[in-house]
Structures are given as structure tokens and as C-alpha cells.
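The structure appears below as C-alpha cells.
None of the figures in this text is laboratory data; all of them are computed from the coordinates on show. All values derive from a computational prediction rather than experimental measurement. Don't worry about glycine lacking a Cβ; one is built from the backbone with ideal geometry, like all the others, and counts go over all protein chains shown.
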Amino acid sequence: MDDKFEGNTGINGDTLPPLDCPLAGLPSEVIYERLPSGAAGRAKIERTLLKSLPPNFYFHTGELIKTGQKGVTNLKLIGCEFRQARSGLRVGRWVIPIKGTQQTVVVTQEEIQAVQDAETAARLSDLRRITLVEYRQLVACGLENGHSCPVEIIEDMMSEYRELIRGSWLVGADAQYVINLLHADWIMNPPPIRDSDDLSHL
């Protein structure tokens, strides 16, 4: 059987990864750590505690809370620190709660949106580090390797949609979005058959 719920004593032997490194062996139930709501919740707790949460802390429960405003809900998150299970089917996974470490926080839609905006800004900054030529190469390679578009078709589309690709690069749009758009156009509007391709005489 798995270890039972226990306190902080006896866990000093656990080696925790650095804060910027995701924990190996997190259970599949952990979803908030991968969402803006979880990031907003962690940041709010850290502002209250005036210190960073350890990397073995994660939220295990979320609950929508209605507000006085129609259609507006907040999110209550409950989490605690976990240690690795030392026996049982979940051995090695960070699933054993540490007593006395529980934290509860309520995040608003505005706080979650602020995290989403920050993530978008960071993504835009990363995208703008690549040149337009590199962005065009990403699109062309995606069409060729991901969708098996013929080279001549890709060359035509890169010319026809030159301004669309440039505009997408300027606003920091994900290259995959452009790839999907051009691929859909190719599927929905196939190029006319060239004379050299006409097989009706055979």
C-alpha cells in the first residue's frame, strides 16, 4: 500500500528540483499547474507569503465560486506540498501530502487574464527574436514536412500570401496558425491542372 499521510518529519532525504524545473512524476490529476489559473494562484499566494512556493507544491482542488455579478465567477484553488511516495503503485511520484502545508486562494477572472496577457507578451517577444526570413522558412517547412505540399505549390503560396505572412510575423502569430491556414486554402482551392498534367489523352 502507499505511504499514509504524514507530516514534515522524515522528508529531508527528498531531493527537490530547482524552482524552474518541472517535477518528474507529477500525477496526471495535476492540471492547474499547466493553466494560467494555477500560475495566478501561485503568484497570489507568494505575494501573501512574501516568498516563493517550493516546487513540490501544487493545487489539487479547484472550485468555481459565483460572485454578485451576473455571469462572473472566481476560482478557489486548494493545494499543498507533496513528497514522493516511497512504496506502492505510485512509488516515486509526488502524491503524498505534507501536513501543515495547505494553502487556499481565490483568483479572479482579471487575475487569470493578467497571467494570460503576460504569457502572450512573452510569446510575442520570443517570436520577434526570429527574422521574417526565418519565419517564412518555418511556414514553408511546415507545409512541406507536415502536410506534404508540393514544392511548387509552396513557392506559389509563399508569393501569393507574402503580406499575410509578414503581417502574422509582425503581430507574433504562431507560425503553425499560418501553416494551417495555407494548407486549408490549398485543400479547398486546388490549383488548376496544367497542360502538362492533363492526362485525358491517355
Order 177-189, 64-76 from most to least packed using the mean count of other Cβ atoms within 10 Å. 177-189, 64-76
Would you mind telling me the antiparallel percentage of the DSSP bridges in the stretch 65-142, rounded to 5? 90
Protection proxy ranking, peptides 83-94, 37-48, average beta carbon neighbours within 10 Å, highest first: 37-48, 83-94
Just how large is the dipole of the stretch 41-163 about the Cα centre, in debye to the nearest 20, putting +1 at every Lys and Arg Cβ and -1 at every Asp and Glu Cβ? 1300
